[in-house]
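Encoded as structure tokens, the structure appears first; notes follow it.
Values in this text are rule-based calculations from the coordinates and carry no lab data. Source: prediction; values computed, not measured. No Cβ is skipped: glycine too gets one built from the backbone with ideal geometry, and neighbour counts run over all protein chains shown.
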Amino acid sequence: QEDDFKRVISHAKEYGYVFQSSEIYDGLSAVYDYAQNGSELKKNIREYWWKAMVQLNDNIVGIDAAIFMHPTTWKASGHVDAFSDPLIDNKDSKKRYRADVLVEDHVAKIEGKIEKEVAKASKRFGDKFDKEQFLATNPRVVEYQEQATTILKRLGSSLEKEDLADVKKLIEELDIACPMSGSKNWTEVKQFNLMFGTKLGATTETAMDLYLRPETAQGIFVNFLNVQKTGRMKIPFGIAQTGKAFRNEIVARQFIFRMREFEQMEMQYFIKPGTQQEWYEKWKENRMKWHLSLGMGQDNYRFHDHEKLAHYADAASDIEFRFPFGFKELEGIHSRTDFDLSSHEEFSGRKLQYFDPETRESYVPYVLETSIGLDRMFLAVFSNSLKEEELENGTVRTVLKLPAVLAPTKAAIFPLVKKDGLPEIAHQIIEDLKWDFNVIYDEKDAVGRRYRRQDANGTPFCITVDHQTKEDNTVTIRHRDSMEQERVEISKLKSIIHAAVDM
Ligand code: ATP
């Protein structure tokens, strides 16, 4: 697993997807830059989300609020008082960790053991293997599951009660060692606020203390009535937004899974109080469908319903994805009640109520939220797509099987040789295709090498111009995943590519 993850990180760098930020100065921890291919993949994921949420829902609109917000926003939202993580230091290695994540990683190891048992049994029993039954009856597996559940319950309840001494006790009881040094010499657990502070204004006397937003949601809440009125929106309706958020995360590792500067894609759905259960179920289902539409395998997703709820929620579930380091949260679906709007009413002294034209009543709407990290989605897509395939001739090819709709480059155009007018024809094809798709030209090395380069880059199609092209205006088009090649007319290329890559 660790090797798989290392391969993901080095492939992302080698093929121009993700670089460490400020690398020439040895980088900045948990901050990354998206490179020439990565920025395209990220943009495509963002668009895929935006289209599904905003364009295809006639009652959801999008906004783009500022990163800076009035500081009272963060008092009202609860972030000043409650947006902190339990922090623990290892005395020997001087490394700092999130206490809850140390425990969760311990649980992930137990889950890894369960998966190993399942894989073993599935091999042993072949077609006859019944996973559900195995999970329910195999004594060892049942015991692992019980261990995992007990630990998570205990963690949840101590965090809820803010009983940090008990979290420390749990770490000791589980005999958890520092991942860096193996030392078990831990400090007490303390709360640590994750917001980054900064200042607005030039003089020290007049400067105002601000925070960089730790989530995009509050930009939507404070604009709720502006959007509702100017858009003449009727409940239920949603407001969507994508944008940067900042958190001074304690566990700064796992590549782009947990970053200090990251991007969120959030949607707040404003509903009538009392209908939250129904919308919670609907949005869980909708969001899972969106994930599955990318074809990355149903087995790689699961819901994790929360027992421990944040201060603003009356129900919450995560969509977890099988990352190279195990199942982890990819998206959250939260039933936020009227917590945010009511609190902003209180702190701002302004009414944030919806007037229902039919019943002629005013009320503070409830909110159902879907919140996904764009960078985490990027990691899910990228890591799941990277495959090493053994070919019939015994060689191994590295291929990035990105969903075609998300691939940064849709087609590469090659002249078979650098002469006889073939490059000119290839360039003509590019001139025609580039208005619809990102395409690139490549004439270097043998065609086989060029195929491999595009495989590793995730390009779904390679188009080769050869001598026959001059006779009959046909080219070969090679499919990345099947490696099959077909001969097609140049005039058909656009529709073939559109059919594969359009949303
Ligand atoms: P975690 O428990 O992993 O810290 P969270 O529960 O704090 O996440 P939310 O506040 O619900 O996360 O944020 C919604 C989404 O934003 C998460 O599901 C995740 O995809 C993304 N996200 C949150 N924190 C980060 C981060 N530091 N780096 C990248 N993505 C993040």
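Annotations for the structure displayed:
- Three semi-axes of the equivalent ellipsoid, the stretch 175-280, Cα gyration tensor, whole Å, largest first: 36, 24, 13
- Members of 43/308; 282/351; 43/418 lying beyond 31 Å, as alpha-carbon distances in this model show: 43/308; 43/418
- Calculated FRET efficiency, residue 286 to residue 485, Cβ-Cβ distance, R0 = 56 Å: about 0.90 to the nearest 0.05.
- Directionally averaged shadow of the stretch 253-360, computed from the convex hull of its alpha-carbon atoms, nm²: 9.7 nm²
- Protection-proxy order for peptides 304-314, 186-196, each taking the mean of Cβ atoms within 10 Å per residue, highest first: 186-196, 304-314
- With R₀ fixed at 60 Å, the C-beta to C-beta distance from residue 91 to residue 418 puts the FRET efficiency at about 0.40.
- All other residues whose Cβ lies under 15 angstrom from that of residue 314 are scored, Lys and Arg at +1 and Asp and Glu at -1, for a net of -4.
- Check: the chain dipole with +1 on Lys, Arg Cβ and -1 on Asp, Glu Cβ, in debye: 460 debye
- Residues with amide H under 5 Å from that of residue 198, placed H, sequence gap 5 or more: 210, 211, 212
- Taken about its Cα centre, the stretch 375-503 carries a charge dipole of about 320 debye when Lys and Arg each add +1 at the Cβ and Asp and Glu each add -1 at the Cβ.
- Structural descriptor for the stretch 409-501: relative contact order 29 percent, calculated from alpha carbon pairs under 8 angstrom and at least 6 residues apart.
- When peptides 226-236, 97-107 are ranked by their average number of other Cβ atoms within 10 Å per residue, the highest-first order is 97-107, 226-236.
- Taking other C-beta atoms within 10 Å as the exposure proxy, 476, 395, 72 rank 395, 72, 476 from fewest upward.
- Sorting 375, 502, 432, 442 from the fewest to the most surrounding beta carbons within 10 angstrom yields 502, 432, 442, 375.
- Among 268, 178, 228 the positive-end extreme of the charge dipole of the chain (Cβ point charges): 178
- Taking every C-alpha pair closer than 8 Å and separated by at least 6 residues, the mean separation divided by the residue count of the stretch 84-193 gives a relative contact order of 47 percent.
- Ascending count of other beta-carbon atoms within 10 Å, so fewest first, for 178, 462: 178, 462
- Shape of the stretch 84-193, Cα gyration tensor, a/c cut at 1.5: prolate
- The gain in end-to-end length when the residue 172 to residue 133 segment is fully stretched comes to 10.6 nm, 0.36 nm per residue minus the alpha carbon separation.
- FRET efficiency for residue 452 and residue 150, using Cβ-Cβ distance with R0 set to 41 Å, rounded to 0.05: 0.25
- Over 26 Å (Cα to Cα) - which of 75/234; 169/328; 13/328; 199/229; 95/328 fall in this group: 75/234; 199/229
- Mean separation of Cα contacts under 8 Å, 6 or more apart, over the residue count of the stretch 393-452: relative contact order %: 38 percent
- The base-10 log of I(q)/I(0) for the stretch 409-501, evaluated at q = 0.12, 0.14 Å⁻¹, reads -0.30, -0.42 [Debye formula, identical scatterers on Cα atoms, solvent excluded].
- Low-density loop positions, GluC sites (Glu not before Pro), the stretch 415-503 - DSSP coil, at most 10 other Cβ in 10 Å: 484
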